[in-house]
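Structure first, commentary second.
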Amino acid sequence: MYTGGHWNLVVTEPGSTETAKSFRDLFLWDIADVDQDGVEEWITSSAGDPATAADSGYYFVKWRTEVNTWDESTLTLTLKKRFDDAISLLTPHFREPQRTSSHSYLFPVQTIEKDGHLEILLWKSDGAMETRPL
């Protein structure tokens, strides 16, 4: 949600619209089991830095992609991987061939198998595309 000049990642209570946890200056790209280990990852980018003034939010995210796990019992995100100078490459396609849904569902984070390992597709700030291991 973008409000007051800041992106806010808002997690609601199950089955409710009440806020359980909010992360200021954090933009959520996707929630998916991108490394296929049975645990969904939250793919995010920062929209600000702790070193910046409290009221100087950014509409455009930083060129930084973070792969996190979510702990529902403690309402915390734990960083697994961080890719500097790159954001997730999103392309429109359905995750499951026989399902349709809202527009955002059509833009999941992309991964490919490379040399027997999964890698995430990234778009670098210089316009180049690359993959990095998960």
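Tabulated data
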read-out: Residue match in region 38-49 (condition: part of a strand (DSSP E or B), within 12 Å of the chain's Cα centre (by Cα) and free of Cβ contacts under 8 Å to residues at least 24 places away in the same chain); value: yes
read-out: Qualifying positions in region 1-28 - out of contact with any Phe, Trp or Tyr (no Cβ under 7 Å at 6 or more places or on another chain), of a type in the set (A, V, I, L, M) and either under 13 Å from Thr44 (Cβ atoms) or at pLDDT 90 or above (or both); value: Val10, Val11, Ala20
read-out: Ala128 at pLDDT 80 or above, surrounded by 11 or more Cβ atoms within 10 Å (Cβ to Cβ) and not acidic (Asp, Glu); value: no
read-out: Residue selected from region 113-125 under the condition in contact with a strand residue (DSSP E or B) (Cβ under 7 Å, 6 or more places away or on another chain) and within 22 Å of Glu40 (Cα to Cα), by the criterion surrounded by the most Cβ atoms within 10 Å (Cβ to Cβ); value: Ile120
read-out: Leading residue by the ranking (nearest to Phe60 (Cα to Cα)) among those in region 7-30 that are of a type in the set (Val, Ile, Thr) and touching a residue at least 12 places away in the same chain (Cβ under 8 Å); value: Val10
read-out: Candidates Ser56, Ser73, Ser88, Ser104 - the one that is of a type in the set (S, T, N, Q) and at pLDDT 90 or above; value: Ser73
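The values are calculated or read from the model by the stated rules, or taken from the named source; none is laboratory data. Note that the coordinates shown come from a computational prediction; the quantities given were computed from them, not determined experimentally. All Cβ positions, even for glycine, are placed from backbone atoms using ideal geometry, and neighbour counts span all protein chains on display.
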